[in-house]
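K.L.:
I have a structure here, written as structure tokens, and I will follow up with some questions on it.
Nothing in this text is a laboratory measurement; each read-out follows from the coordinates by a stated rule. Since this is a predicted model, take the numbers as computed values, not measurements. With ideal geometry, Cβ positions are generated from the backbone for all residues, glycine too; neighbour counts draw on all protein chains shown.
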């Protein structure tokens, strides 16, 4: 038969041969498409176990122990994957009607990754270790005054000194450590244990191995699937976290495929990635603002000045230039997506040089020959001349303290240029983080400061805006003092009824935004990039960078076709 077909084919003219070849190719392609269509209709792709994923991380792990993380992001990343929180481990969590008692019962199948059962004794030991000053846990302020009582092997009770509306958020951050590992150690010696680098945990992955250089720098951690995990087992066989000293080294590793993904990148760095990738823009409960110290400058005590300065900042242009669009404008003390955020609480204001200038004109601030506005506020002349004026005009000239971080310096430079257009002079003082802490935050020695408020897993406004937090180590950088706002913030903290709490929450936000204690600027996005074949990563809002790993059990890199049901 093939010989006959070949004979027939040879008998064709050149034109007939071309037509035959074209028809044959068309038939073949159509057949392939038909087969593919049938396969697609009758089967579907599903995630299957297998494969690995490598992520690059800036920084260096120190303590893979949830009570010792102390803000180290590398530690947070690893403990997020290696340890489960109390609520994940719980079968039930019930709050008493007065909001002062929480009773929690553990699931009956929860074990540490070495197979030892997790019991109420582990939770009690963890809380008591946090509360012991010798352990030097950064979680101590959160758990101070909270008693934890054993009910049974699987049940325990938290007793609060007073109702706290956000206690459930604290439970989400409480990750028990194993008593059978640390229980015999004095609290001061917990930091010395080798288990802080080779932990026994309860998360979806468990410690497998680590690598470090001769100088002690840890270059990577490899974590394996925890087959003893109480929840759905991860698809990935393992995940490797590789650590880098700076973003340039991390980007270089991305570009040579030494790693498959990375998070927390600067917006400008995304342009330097030269391979096919996915980019995830994730919102976080954090924002940066330019805080006014009204005690340091009589001009800033004039609300009209503060309003004008806020109106004269083009936030949209700032975000476009500084963040390439990877940020959200902010108008008040909370950001969209946060628990308790109330859109109606924020004034609808638009950037306008004309409006800002008009506000200053009406308030009596007039431009001088040097282009800077001034007004006589009755401030005494420092070295008065006999018979001369006893008071001197106060100029709208301010000093702004800026952390030595590129995007903040760039933002400050833009704001300086914008304020010049309305007759305000701004002098920038850039300081590194240590100097910011020592000479600005500790002493509150500034007229203005650009800084960030990071809420994490707790939307409580107290630390940032209650008057009792005006001075170090409080975080009320505007030294904001409003008794009505104080009462609202206190009410929000105590009210365990969501509907009533939300009303006070909205009122507190409205009160703060209306007083204009700061120019609320932007909330940078958390940028995560990964190879196109990573699936199952789906985060739109995370309280902390480490929460990108929440749901890591669903990440997968391998698929298989299975028959469709029905």
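K.L.:
What's the exposure ranking of 338, 448, going from fewest to most Cβ atoms within 10 Å?
P.N.:
Values: 338 20, 448 27.
By the 10 Å Cβ count, ascending, the order reads 338, 448.
K.L.:
Then there is this: State, as an integer percentage, the relative contact order of the stretch 286-524 based on alpha-carbon contacts under 8 Å between residues 6 or more apart. Show your work: numbers first, answer last.
P.N.:
On the way: 411 pairs, mean separation 81.6, N = 239.
Once normalised by length, the contact order is 34 percent.
K.L.:
Rounding to the nearest 10 and keeping the result within 0 to 90°, find how far the Cα-based axis of helix 73-82 lies from the longest principal axis of the chain.
P.N.:
Long axis of 73-82 versus the principal axis of the chain: about 40 degrees.
K.L.:
Another one. What FRET efficiency, computed as 1/(1 + (r/R0)^6) with R0 = 41 Å and r the Cβ-Cβ distance, is obtained for residue 144 and residue 109, rounded to the nearest 0.05?
P.N.:
Details: r = 33 Å, r/R0 = 0.80.
For R0 = 41 Å, the calculated efficiency reads 0.80.
K.L.:
If you don't mind, there's one more thing I want to ask. Could I have the simple spin-label model distance between residue 316 and residue 475, label points 7 Å from Cα toward Cβ, reported in nm to one decimal?
P.N.:
A separation of 3.1 nm, rounded to one decimal place.
K.L.:
So what is the 222 nm mean residue ellipticity for the chain from helices alone, if each DSSP H run of at least 4 adds -39500 (n - 2.57) and you divide by all residues, rounding to the nearest 500 deg cm²/dmol? The partial results should precede the final answer.
P.N.:
Numbers: 16 runs with 166 residues, N = 566.
Calculated from helices alone, the mean residue ellipticity at 222 nm is -8500 deg cm²/dmol.
K.L.:
Additional query: Specify which labelled value, from [x] 0.97; [y] 1.09; [z] 1.01, agrees with Rg/Rh (Cα atoms, Kirkwood Rh) derived from the coordinates of the model shown.
P.N.:
The value computed from this structure is option [y].
K.L.:
Shifting gears a bit: Please compute the modelled spin-label separation between residue 198 and residue 157, points set 7 Å along Cα→Cβ, answer in nm with one decimal.
P.N.:
Output for this residue pair reads 4.2 nm.
K.L.:
Follow-up question, since we're still on this one. Under the classification rounded if a/c is under 1.5, otherwise prolate if a/b is larger than b/c and oblate if not, where does the stretch 467-556 fall, given a ≥ b ≥ c as square roots of the Cα gyration tensor eigenvalues?
P.N.:
Values: a/c = 2.91, a/b = 2.01, b/c = 1.45.
Here the stretch 467-556 falls in the prolate category.
K.L.:
Can you tell me how much longer the chain between residue 47 and residue 487 gets when fully stretched, taken as 0.36 nm per residue apart minus their C-alpha distance, in nm with one decimal? Kindly include the intermediate steps, with their values, before the conclusion.
P.N.:
Numbers: separation 440, 0.36 × 440 = 158.40 nm, distance 5.16 nm.
Length gained between residue 47 and residue 487: 153.2 nm.
K.L.:
Decide, for the stretch 319-452, between rounded, prolate and oblate: order the square roots of the alpha carbon gyration tensor eigenvalues as a ≥ b ≥ c, take rounded if a/c falls under 1.5, and otherwise choose prolate if a/b is larger than b/c, else oblate.
P.N.:
Details: a/c = 2.06, a/b = 1.49, b/c = 1.38.
It comes out prolate by the Cα gyration axes.
K.L.:
Would you mind calculating the relative contact order of the chain from Cα pairs under 8 angstrom and at least 6 residues apart, reporting the percent as a whole number? Please report the intermediate quantities before stating the final value.
P.N.:
Numbers: 1049 pairs, mean separation 117.2, N = 566.
The value is 21 percent.
K.L.:
By how many degrees, between 0 and 90 and to the nearest 10, does the Cα long axis of helix 2-11 differ from the longest principal axis of the chain?
P.N.:
Rounded to the nearest ten degrees, it is 80.
K.L.:
Rank these for me by crowding, 546, 491, 349, going from fewest to most other beta carbons within 10 Å. Kindly include the intermediate steps, with their values, before the conclusion.
P.N.:
On the way: 546 20, 491 17, 349 13.
Least to most surrounded, the residues fall as 349, 491, 546.
K.L.:
Would any residue of the stretch 305-331 have its amide N under 20 Å from a label point 7 Å out along Cα→Cβ of residue 410? List them or say none.
P.N.:
Under 20 Å, as judged by backbone N against the label point of residue 410, lie 313-330 of the stretch 305-331.
K.L.:
Fewest Cβ neighbours within 10 Å first, please rank 538, 369 accordingly.
P.N.:
Working: 538 9, 369 5.
Fewest-to-most ranking of 538, 369: 369, 538.
K.L.:
Could I ask something else about it? Given the Cα-Cα distance of residue 499 and residue 372 and 0.36 nm per residue of separation, how much length would full extension add, in nm? Before the final figure, lay out each step's value.
P.N.:
Working: separation 127, 0.36 × 127 = 45.72 nm, distance 4.85 nm.
Contour length minus Cα-Cα distance gives 40.9 nm.
K.L.:
Taking the highest mean first, how do the peptides 140-150, 513-523, 240-250 order by number of other beta carbon atoms within 10 angstrom per residue? Provide the component values of the computation, followed by the final result.
P.N.:
On the way: 140-150: 14.7, 513-523: 22.6, 240-250: 17.0.
By packing density, highest mean first, the sequence is 513-523, 240-250, 140-150.
K.L.:
Continuing with the same structure: Under 1.5 on a/c is rounded, so check that first for the stretch 84-196, then, if it is not, pick prolate when a/b is larger than b/c and oblate when it is not; a ≥ b ≥ c are the square roots of the alpha carbon gyration tensor eigenvalues. Walk me through the intermediate numbers first.
P.N.:
Details: a/c = 2.08, a/b = 1.24, b/c = 1.68.
Verdict is oblate for the stretch 84-196.
K.L.:
Let me ask something else about it. So between residue 274 and residue 560, what do we pick up on full extension, going 0.36 nm a residue minus the alpha carbon distance?
P.N.:
Numbers: separation 286, 0.36 × 286 = 102.96 nm, distance 2.94 nm.
The span from residue 274 to residue 560 would gain 100.0 nm if fully extended.
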